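Okay, so here's the structure we're looking at.
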Amino acid sequence: MELCIFACFHAREGKEDAVATAMRDMRGPVRAEPGCLAIECFRSTRDPRLFFIHSRWIDEGVFEIRAN
């Protein structure tokens with residue numbers, strides 16, 4: 001069964017741009033991971049410290065291998 005993950009988090013004050021850069025830089029390598037169907041990163045238009053990640057994986061097993 002496909003696994004979808006949606007995460008939201010706040011960057012520490014003053015670290016917003018570093019988080020945005022890190023998220024942009026990690027998208028390509030994560031997309032290349034076996035079992036990753038898609039990953040997208042978003043930043044709130046109302047709160048520049050608020051970020052979201054949405055990813056889709058073939059199943060929980062492939063995500064768990066990557067997460068460890």
>> Charges on Cβ only, +1 for Lys and Arg, -1 for Asp and Glu, centred on the Cα centroid of the chain; of Phe9, Pro34, Ser55, which one is farthest towards the dipole's positive end?
In response: Phe9
>> Kirkwood Rh over alpha-carbon pairs of segment 3-67, then Stokes-Einstein at 4 °C and 1.567 mPa s: what D in µm² s⁻¹, rounded to an integer?
In response: 104 µm²/s
> Assigning unit charges at the beta carbon (Lys, Arg +1; Asp, Glu -1) and nothing else, what dipole magnitude in debye, to the nearest 20, does the chain show about its Cα centre?
Replying inline: 260 debye
> For Leu37, which sequence-distant residues (separation of 5 or more, or a different chain) have an amide H within less than 5 Å of its own amide H, given hydrogens modelled in the peptide plane?
Replying inline: Arg56, Trp57, Ile58
> In percent, what relative contact order does the chain have, based on Cα pairs under 8 Å that are 6 or more apart in sequence?
Replying inline: 44 percent
>> Given points 7 Å out from each Cα along the Cα-Cβ axis, report the Ala22 to Leu50 separation in nanometres with one decimal.
In response: 2.0 nm
> In degrees between 0 and 90, to the nearest 10, how far off the longest principal axis of the chain does helix 16-31 point, with axes built from Cα atoms?
Replying inline: 20 degrees
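Here, each number is a calculation from the coordinates, and none is a lab measurement. This one's a predicted model, so the numbers in the text were calculated from it and none came from an experiment. Here the Cβ is made from the backbone with ideal geometry for all residues, glycine too, and neighbour counts use every protein chain on show.
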